[in-house]
Each structure stands twice: as structure tokens, then as C-alpha cells.
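The values are calculated or read from the model by the stated rules, or taken from the named source; none is laboratory data. Nothing here was measured: the structure is a model prediction, and the numbers come from that model. Here the Cβ positions follow ideal geometry from the backbone for every residue, glycine too, while neighbour counts run over all protein chains shown.
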Amino acid sequence: MNLAEPIVYGADWCADCHQLKALLDGLKIAYEYRNIDDNETFREEMLVITNGSKTIPTLVYNNQFLQEPSAQQTKELLEIALKTTTTTVYDVLTVGAGPAALSAAIYTTREDLSTVLYEKGVLGGLAAVTDWVDNYPGFPKGIAGLELADALTQQAERFGAKIELGEVTGLKRDGDVVLVETTDGAVQAHRVLVATGSDYKKAGVPGERECSGQVVP
């Protein structure tokens, strides 16, 4: 598949930017990363494309752009075909890939249980978008949220956990298995662990959603 090379405008401190790059890497899609913190030209270039919107990450492809795109939106923009229904039956499927889900996956995979995790947002959950974590066991001096999320992800994958960036849209029992509907197609599992985690409470004030994730000049 010959694709024009997408461009990702972002910043190194942005957890969603890291997540978008990880998704593109996993899809084996070549892209150009433009750090708007290090290059004023890149920042101005992005603002022209987005009509002044400072939200990152911004993904540009074929004269279109998306800001803070989900995995599904990214795949649709890049014209990547969705997966068909799989015949693989996993021992465990986890909805979410935050600290709880990744910790569980470490244990299930070490017991030779085939495990897949579906995450619609950021690997590592709320921890990944937290600047500094002081209350996670084993890190008496604290640890950066992104560093903790990366370490948990790498450990789970080292033991064989499979991580998919997609959204679970439905669950139903089908005989001895659970049929899990996802944005990439249907998946089957013997057990489903729901670990959707938490998010920051919203104040509900005007402009909150529009300003979230924007770069401060």
C-alpha cells in the first residue's frame, strides 16, 4: 500500500502524541514527526493548517487533519482496512490498558494464558497523562507518568500480552465464549476483564473541551 507520508505535529511532553506515534509505529506506517516545542516554524505551520487551533497531536494526511484522533479515526484517515472477525479465542481479554489491566496481563501471561488488551485512549491510562506519580508501589522517589506507563507496557508485552489500540463496543455470551465487538471487528475470549480506569473530572465550564490539550504559547 503506497501512502503519502503523514505528518504528526506534537511535543515530547504530550502523552497523546506518544500514543499516536506508537499506533503509527505498530501499523508500520512511515510518518514525519514535527516537534512544535523545538521549532517555531513547525508551530506556525500547524496553526495555518488548523486555522489557529493549538491542540496536539495534530495528524495531517492527504490535505486533511485530525486533532487528538482516536485509533479508529486515525485508521480511517489513513485508509487502513479494518480487521475481519478473528477465529482466535483468547483466554483473557481486557477492556482497557491502564496500570490495573497491564498488571493483570503480566500475571495472566506468566501463567500461559493468551491475553489481549483493548485500549481506546492512552496506554497506561490516567497514569500516562500524569506528570509525576508519587503513590505507585516500588518507586519511593516517584516516577514520571509516561515512564511508568511505558515500563508497564513493555513488561506485559515481554511476557506475551497483545495490545490493540481500539474500542470495545459490545459484549455478549456465545456458548462457552464471550463475543467481543470492537472497532476492528469481533474477537472471542473465555474471560473478559473490564478495567476501564478513571479520568479527570470535568468542570463543565465553557471552552473546557476546546482548550484541553492545547499548547500554551
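Using the structure shown, decide if Asp184 is over 30 Å from Glu40 (Cβ atoms), in the same structural domain as Ala97 (by TED's automatic domain parsing) and touching a Gly at 6+ places or on another chain (Cβ under 6 Å).
Working: over 30 Å from Glu40 (Cβ atoms): yes; in the same structural domain as Ala97 (by TED's automatic domain parsing): yes; touching a Gly at 6+ places or on another chain (Cβ under 6 Å): yes.
Here the answer is yes, as Asp184 does meet what is asked.
Can you tell me which residue within the range 110-155, out of those that are aromatic (Phe, Trp, Tyr), farther than 16 Å from Ser198 by Cβ and surrounded by fewer than 21 Cβ atoms within 10 Å (Cβ to Cβ), is nearest to the chain's Cα centre (by Cα)?
Taking the range 110-155 and keeping what is aromatic (Phe, Trp, Tyr), we get 118, 132, 136, 139.
Pick out the ones that are also farther than 16 Å from Ser198 by Cβ and you get 118, 132, 139.
If we keep only those that are surrounded by fewer than 21 Cβ atoms within 10 Å (Cβ to Cβ) as well, we get 132, 139.
Numbers: Trp132: 19, Phe139: 24 Å.
Here the answer is Trp132.
Just to check your reading of the model, which residue among Tyr90, Tyr107 is out of contact with any helix residue (DSSP H, G or I) (no Cβ under 9 Å at 6 or more places or on another chain), farther than 18 Å from Cys14 by Cβ, assigned to a helix (DSSP H, G or I) and modelled with pLDDT of 95 or more? It would help to see each step written out before you state the result.
On the way: Tyr90 fails: assigned to a helix (DSSP H, G or I).
Every option except Tyr107 fails the conditions.
Given the criteria within 25 Å of Ile163 (Cβ to Cβ) and at pLDDT 90 or above, does Ile56 qualify? I'd like the intermediate steps shown before the answer.
Details: within 25 Å of Ile163 (Cβ to Cβ): yes; at pLDDT 90 or above: yes.
Taking the combined requirement at face value, the residue satisfies it.
Scanning the range 156-189 for residues that are surrounded by 15 or more Cβ atoms within 10 Å (Cβ to Cβ) and of a type in the set (Ser, Thr, Tyr), which turns out nearest to Gln73 (Cα to Cα)?
By that ranking, first place goes to Thr183.
What are the residues in the range 165-177 that are at pLDDT 90 or above and either touching a Ser or Thr at 6+ places or on another chain (Cβ under 6 Å) or of a type in the set (D, E, K, R) (or both), if any?
Val168, Lys172, Arg173, Asp176 - these are the residues of the range 165-177 that are at pLDDT 90 or above and either touching a Ser or Thr at 6+ places or on another chain (Cβ under 6 Å) or of a type in the set (D, E, K, R) (or both).
As an exercise: evaluate Leu113 against (1) in a helix (DSSP H, G or I); (2) free of Cβ contacts under 8 Å to residues at least 40 places away in the same chain and give the number of the one condition it does not meet.
Of the numbered conditions (1) in a helix (DSSP H, G or I); (2) free of Cβ contacts under 8 Å to residues at least 40 places away in the same chain, the odd one out for Leu113 is (1).
Could we say that Asp37 is in a loop (DSSP other than H, G, I, E, B), charged (D, E, K, R) and in contact with a His (Cβ under 9 Å, 6 or more places away or on another chain) here? Please lay out each step first, then the result.
Values: in a loop (DSSP other than H, G, I, E, B): yes; charged (D, E, K, R): yes; in contact with a His (Cβ under 9 Å, 6 or more places away or on another chain): no.
Considered against the rule, which asks whether it is in a loop (DSSP other than H, G, I, E, B), charged (D, E, K, R) and in contact with a His (Cβ under 9 Å, 6 or more places away or on another chain), Asp37 comes out as no.
Taking the criterion of being closer than 15 Å to Leu102 by Cβ, out of contact with any Cys (no Cβ under 8 Å at 6 or more places or on another chain) and touching a residue at least 12 places away in the same chain (Cβ under 8 Å), would at least one residue in the range 164-181 satisfy it? Give the derivation first.
Residues of the range 164-181 that are closer than 15 Å to Leu102 by Cβ, as a first pass: 164-165.
Still in the running and out of contact with any Cys (no Cβ under 8 Å at 6 or more places or on another chain): 164-165.
When the remaining residues are screened for being touching a residue at least 12 places away in the same chain (Cβ under 8 Å), the result is 164-165.
Yes, because at least one residue in the range 164-181 is closer than 15 Å to Leu102 by Cβ, out of contact with any Cys (no Cβ under 8 Å at 6 or more places or on another chain) and touching a residue at least 12 places away in the same chain (Cβ under 8 Å).
Which one is farthest from Cys17 (Cα to Cα), of the residues in the range 120-135 that are touching a helix residue (DSSP H, G or I) at 6+ places or on another chain (Cβ under 8 Å) and at pLDDT 90 or above?
The extreme case among them is Val133.
Given the condition assigned by TED's automatic domain parsing to the domain that holds Thr182 and within 19 Å of Ala186 (Cα to Cα), answer yes or no: does some residue in the range 97-111 qualify?
The initial filter retains those residues of the range 97-111 that are assigned by TED's automatic domain parsing to the domain that holds Thr182, namely 97-111.
Next cut, within 19 Å of Ala186 (Cα to Cα) only: 97.
Yes, the range 97-111 contains a residue that is assigned by TED's automatic domain parsing to the domain that holds Thr182 and within 19 Å of Ala186 (Cα to Cα).
Tell me which residues, restricted to the range 157-180, are within 22 Å of Gly124 (Cα to Cα), assigned to a strand (DSSP E or B) and of a type in the set (D, E, K, R).
Matches in the range 157-180: Lys162, Glu164.
Provide a single number: the residues in the range 22-44 that are touching a residue at least 24 places away in the same chain (Cβ under 8 Å) and either touching a strand residue (DSSP E or B) at 6+ places or on another chain (Cβ under 9 Å) or surrounded by fewer than 16 Cβ atoms within 10 Å (Cβ to Cβ) (or both). Break it down stepwise before answering.
Initially, the range 22-44 is screened for residues touching a residue at least 24 places away in the same chain (Cβ under 8 Å), giving 22-24, 26-27, 29-37, 42-43.
Add one more test, that the residue is either touching a strand residue (DSSP E or B) at 6+ places or on another chain (Cβ under 9 Å) or surrounded by fewer than 16 Cβ atoms within 10 Å (Cβ to Cβ) (or both), and what stays is 22-24, 26-27, 30-37, 42-43.
Within the range 22-44, residues that are touching a residue at least 24 places away in the same chain (Cβ under 8 Å) and either touching a strand residue (DSSP E or B) at 6+ places or on another chain (Cβ under 9 Å) or surrounded by fewer than 16 Cβ atoms within 10 Å (Cβ to Cβ) (or both) number 15.
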